[in-house]
Amino acid sequence: MTTPQKKLISRTASLEQPMLDEHRVLKLEGARNCMAALQLALDAHSNDIRERVMKRKAEHAKALNEEKENQNRIKEEMDMLKKKEIEIVKDIQREAQEREEMNGQIQQYQRQIRSLSTTRGGLIAEIEEYRERIAKQKAVVESEQKTLDVQASKNAPELAFCEQMLGLKLRSDKPDFIVLTFSQIDDRQPDRRFSIELDLRDTDYKVASCDPPPHNLDALIRELNSSRGFYTFIKRLRAAFRGVVVEEKRA
């Protein structure tokens, strides 16, 4: 190789070296820009992924809370339903017991009705018997009343004589009772009162009170109820009162 050729080659090499360095710088700068763009893209993608993860995490947490609330609500509803079920069971048991007691009462009432139906005939017969007795008693009372009326008409003049001559007075302080009061029996005290109250509510005479009571008063009443002789009873009662005075004088 000649000297001029060597110089030409050397000159050409010296010119190409700066061009190569500039090309490398440009290429390196481009690579850096690409790396920066890639880094930005990666950062954006990472941020997007992070935001999605956070969003999904928040949604998942919200869903878990809602699910928990739903479970709590369902549990409360189930507890309430269980309580209602227990109350319903108790109501059913109580109604069953009440129904059983009611059936027992109904059966008891039915037995009582059958018993009453069985004795109804006997009761009707007894009622009829009592009616017959009452009718007979009424007839006896009416007959006795007629007898008393007849006797009263006969005794009226005699009673008037007794009131005037024997100091006898009759009065009635209440219905169906008569009081006989005697005076002029005790010669020591002519105005002294001897009285007896007779109960006329029944067929037979009864003594309601007597002052003073003679010792034979019961016998006098029995004789009066047997004979119905009222005037005779008055005379014998007066004699009995005189006997009381005699006994008092002897005492």
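The values are calculated or read from the model by the stated rules, or taken from the named source; none is laboratory data. If you're wondering where the values come from, they're calculated on a predicted model, not measured in any experiment. Because the Cβ atoms are built from the backbone with ideal geometry, glycine has one as well, and the counts that use them run over all protein chains shown.
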Pair list, Cβ < 8 Å and 6+ apart or interchain, from region 199-219 residues that are within 20 Å of GLU248 (Cα to Cα) and without any contact (Cβ under 8 Å) to a residue 60 or more places away in the chain to residues that are surrounded by 13 or more Cβ atoms within 10 Å (Cβ to Cβ) and aromatic (Phe, Trp, Tyr): ASP211/PHE194; PRO212/PHE194; PRO212/PHE241; PRO214/PHE241
Hits in region 182-220 - residues which are over 15 Å from PHE241 (Cβ atoms) and hydroxyl-bearing (Ser, Thr, Tyr): THR203, TYR205
Report, ordered by the first and then the second residue, all pairs with beta carbons closer than 6 Å, sequence separation of six or more or different chains, a first member in region 220-237 that is within 17 Å of THR181 (Cβ to Cβ), and a second member that is among the acidic types (Asp, Glu) and assigned to a helix (DSSP H, G or I). TYR231/GLU158
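Among the candidates SER143, SER115, single out the residue that is in a helix (DSSP H, G or I), under 20 Å from ASP199 (Cα atoms) and at pLDDT 75 or above. Spell out how you get there, then give the answer.
Values: SER115 fails: under 20 Å from ASP199 (Cα atoms).
Residue meeting the stated conditions: SER143.
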Return yes or no: is PHE161 modelled with pLDDT under 90 and surrounded by fewer than 18 Cβ atoms within 10 Å (Cβ to Cβ)? yes
Region 207-251, residues that are exposed (fewer than 13 other Cβ atoms within 10 Å of the Cβ), in a strand (DSSP E or B) and not small (Gly, Ala, Ser): ASP211
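Does GLU76 satisfy being of a type in the set (Asp, Glu) and under 33 Å from the mean Cα position of the chain (by Cα)? Quick ask: steps written out before the conclusion?
Details: of a type in the set (Asp, Glu): yes; under 33 Å from the mean Cα position of the chain (by Cα): no.
The answer is no for GLU76.
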What pairs come out if I take residues in region 171-184 that are of a type in the set (D, E, K, R) and pair them with residues that are outside any loop (DSSP other than H, G, I, E, B) whose C-beta lies under 6 Å away, six or more apart or interchain? ARG171/VAL179
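Looking at region 178-206, which of the residues that are part of a loop (DSSP other than H, G, I, E, B) and of a type in the set (S, T, N, Q) is farthest from LEU168 (Cα to Cα)? Don't jump to the end; show me each part of the working.
Of all residues in region 178-206, those part of a loop (DSSP other than H, G, I, E, B) come to 183-185, 187-188, 190-193, 200-205.
Adding the requirement that they be of a type in the set (S, T, N, Q) leaves 183-184, 203.
On the way: SER183: 7, GLN184: 9, THR203: 24 Å.
It comes out as THR203.
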